[in-house]
Amino acid sequence: MHPDANCYGLAMRSWRVAEYGDYRQVLRLDNDTGRPVPGTGQTLIRVITAGVNFADILAIAGRYQVKLPLPFTPGSEVAGEVVDVGPGSRLVRGQTVMATPRSGGYAEFAIVDDDAAYLVPDRVDPTPAAVMLVTYQTSHIALFRRGKLRAGEWLLVHGGAGGAGTSAIQMGKRAGARVIATAGGAAKLDICRRCGADEVIDYRAEDFVERVRDITGGHGADVIYDPVGGDVFDGSTRCLAWEGRLLVVGFAGGRIPEIAANRILLKNIDVVGVNWPEYRAKDPAVLAAAQDDIWQGYLDGDLVPVVWRTLPFSAVPEALAAIESRESYGKIVIKVA
């Protein structure tokens with residue numbers, strides 16, 4: 001809950017974390033959480049659907065880039081109906097929005113700041129809306145603002161069957177890039193192909209560095225989208241093209257890698273950070289413009305979220321487990337209302 005918010009005398013259900021740790025041990029369903037009240041420039045929404053992200057696991061463990069103050073409700077993307085507005089809000093009751101909530105998305109109601117909420121087009125229902133914010137905005141910022149991806153370039157997407165990877169593949173194809181995707185196993189490679197990947201690499205059975213060199217005729221990848229880190233990052237530095245851009249999106253593999261500066265110099269490569277959440281604080285107009293383009297891509301049929309399963313509100317821990325174990329692919333949607 002927002003620290004400045006009071007509560008109506010009403011209760012709601014929410015998943016709560018009172019101490020950092022393994023979500024299996026510290027995540028609890030609270031049936032009597034006080035419903036928050038929107039402040040200035042804020043909105044209260046009735047959450048209809050919520051997207052599940054690997055970052056939620058890190059937040060619960062206290063290992064995300066920004067440590068959330070205890071106690072808190074996790075959940076970083078939602079779609080829902082505006083039911084109350086604070087002073088100065090630009091939104092009105094009855095509108096459908098998608099948002100990164102201030103008070104946490106795994107709840108029946110959530111507070112959202114106006115600059116973190118985006119109107120959902122009439123032709124879009126809340127299921128895709130709930131999962132077209134975090135990963136799609138991250139990929140858009142990474143590929144186009146930070147990576148300067150151009151038509152005809154080779155784009156390598158690691159973790160291609162995940163939520164971030166599927167969005168990056170789709171965006172790369174929409175931009176006219178030639179896309180290579182890595183994933184583990186035949187089923188996930190098929191997901192990558194269905195998203196538009198021109199070439200796929202099974203990282204469990206193949207050396208992706210050599211395969212990228214072979215596929216590109218020795219040129220290498222012009223842009224590499226890396227949400228994994230660790231050994232994947234190390235290998236990526238060896239198959240980047242001259243003046244290639246390696247996008248540091250996250251560290252799902254666990255190890256935060258390092259790179260020798262001489263490798264950056266010798267091939268004139270760029271190692272580019274992608275800190276998507278900071279744009280909300282520093283330049284929210286960048287995210288608004290990205291989201292407009294994302295909606296256009298969805299309406300054009302080029303950007304279509306891959307949803308592994310839609311699960312009930314009671315199954316949030318199971319959803320997190322599916323992401324952690326890599327059982328799932330694409331995105332998981334939590335049906336709240």
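Laboratory data are not the source of any read-out in this text; all were calculated from the coordinates shown. Since we're looking at a predicted model, the values are computed, not measured. Positions of Cβ are generated from backbone atoms using ideal geometry, with glycine treated the same way; all protein chains shown enter the neighbour counts.
Points worth noting:
- Taking 20 Å as the straight-line reach from the Cα of LYS188, the lysines in range (excluding those fewer than 8 positions away in the same chain) are LYS173, LYS331.
- Paramagnetic reach from ALA285 (point 7 Å along Cα→Cβ, amide N under 19 Å) across the range 100-114: 114
- Summed residue charge, Cβ within 12 Å of VAL134's Cβ, Lys/Arg positive, Asp/Glu negative: 0
- Taking 0.36 nm per residue of sequence separation and removing the Cα-Cα distance, the GLU327/GLU210 pair yields an extension gain of 39.4 nm.
- Other residues whose C-beta falls under 9 angstrom from the C-beta of LEU156 contribute a net charge of -2, scoring Lys and Arg +1 and Asp and Glu -1.
- Rounded to 10°, Cα long-axis angle of helix 163-174 versus longest principal axis of the chain: 60 degrees
- Packing, taken as the mean count of other beta carbons within 10 Å per residue, orders the peptides 266-279, 168-181, 321-334, 34-47 from highest to lowest as 168-181, 34-47, 321-334, 266-279.
- P(r) histogram, all alpha-carbon pairs of the chain included - 10 Å bins from 0, percent: 6, 27, 34, 22, 10, 2, 0
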